[in-house]
């Protein structure tokens with residue numbers, strides 16, 4: 001199915017673009033709009049973003065592939081992102097990741113067969129003082145232990 005922006009979305013994009021000196025600068029918030037709506041950014045959505053911002057699809061694709069926050073494939077209902085940078089690693093993120101991989105039966109970069117969880121490792125999520133941590137959707141979970149992870153997984157339906 002082709003991706004198109006609705007009238008209200010186009011108005012919102014124009015409001016966003018007005019904040020910046022060049023339309024190109026609005027690319028991140030516009031990509032967020034797409035991902036919030038669709039759960040990922042398809043090739044059709046990439047072309048729609050390029051058209052509305054007067055860019056080439058390649059320029060939009062460069063941004064999508066640079067940032068780990070943007071999904072290029074349909075994603076599971078809950079995207080678990082485990083921080084792997086040094087502060088989290090020093091406080092046990094590798095053990096946390098191993099626990100999640102065993103618990104979910106998948107490796108980082110994969111998603112569960114039921115489409116419930118995708119597991120990823122990411123660079124700094126800016127919560128170094130409360131490591132180890134992970135992000136699920138827009139929510140941060142900090143100072144994680146296996147027990148806390150079990151509770152989080154149960155709550156994420």
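The values are calculated or read from the model by the stated rules, or taken from the named source; none is laboratory data. Computed from a prediction, not measured in an experiment: that's the story for all the values here. Using ideal geometry, Cβ is built from the backbone for each residue, glycine included, and neighbour counts are taken over all protein chains shown.
Of the residues making up the range 52-77, those that are farther than 27 Å from residue 114 by Cβ and surrounded by 14 or more Cβ atoms within 10 Å (Cβ to Cβ) are 52, 53, 55, 57, 59, 60, 61, 63. For the range 78-117, a tally of residues being surrounded by fewer than 16 Cβ atoms within 10 Å (Cβ to Cβ), part of a loop (DSSP other than H, G, I, E, B) and at negative phi returns 6.
Tell me whether the range 55-62 contains one or more residues that are more than 16 Å from the chain's Cα centre (by Cα), over 21 Å from residue 136 (Cα atoms) and in a loop (DSSP other than H, G, I, E, B). Checked the range 55-62: at least one residue is more than 16 Å from the chain's Cα centre (by Cα), over 21 Å from residue 136 (Cα atoms) and in a loop (DSSP other than H, G, I, E, B). Screening residue 7 with (1) under 20 Å from residue 125 (Cβ atoms); (2) at pLDDT below 95; (3) surrounded by fewer than 17 Cβ atoms within 10 Å (Cβ to Cβ); (4) out of contact with any helix residue (DSSP H, G or I) (no Cβ under 8 Å at 6 or more places or on another chain) gives one miss only, at (1). With the structure loaded, tell me whether residue 12 is outside the structural domain of residue 136 (by TED's automatic domain parsing), touching a residue at least 12 places away in the same chain (Cβ under 8 Å), surrounded by 15 or more Cβ atoms within 10 Å (Cβ to Cβ) and part of a loop (DSSP other than H, G, I, E, B) or whether it fails that test. In short, no. Note on the range 71-86: residues that are in contact with a helix residue (DSSP H, G or I) (Cβ under 7 Å, 6 or more places away or on another chain) and at pLDDT below 90 total 2.
For the range 31-47, the set of residues classified as within 12 Å of residue 75 (Cβ to Cβ), touching a helix residue (DSSP H, G or I) at 6+ places or on another chain (Cβ under 7 Å) and part of a helix (DSSP H, G or I) consists of 38 only.
Being buried (at least 19 other Cβ atoms within 10 Å of the Cβ) and closer than 20 Å to residue 64 by Cα is true of residue 45. Do the conditions hold for residue 56, that is, is it modelled with pLDDT of 90 or more, touching a helix residue (DSSP H, G or I) at 6+ places or on another chain (Cβ under 9 Å) and not assigned by TED's automatic domain parsing to the domain that holds residue 127? Yes, satisfied. Would the range 95-102 turn up any residue that is over 25 Å from residue 130 (Cβ atoms), in the same structural domain as residue 129 (by TED's automatic domain parsing) and at pLDDT 95 or above? No, the range 95-102 contains no residue that is over 25 Å from residue 130 (Cβ atoms), in the same structural domain as residue 129 (by TED's automatic domain parsing) and at pLDDT 95 or above. Per the listing 18, 25, 50, the residue uniquely in contact with a helix residue (DSSP H, G or I) (Cβ under 6 Å, 6 or more places away or on another chain), at pLDDT 95 or above and more than 30 Å from residue 108 (Cα to Cα) is 50.
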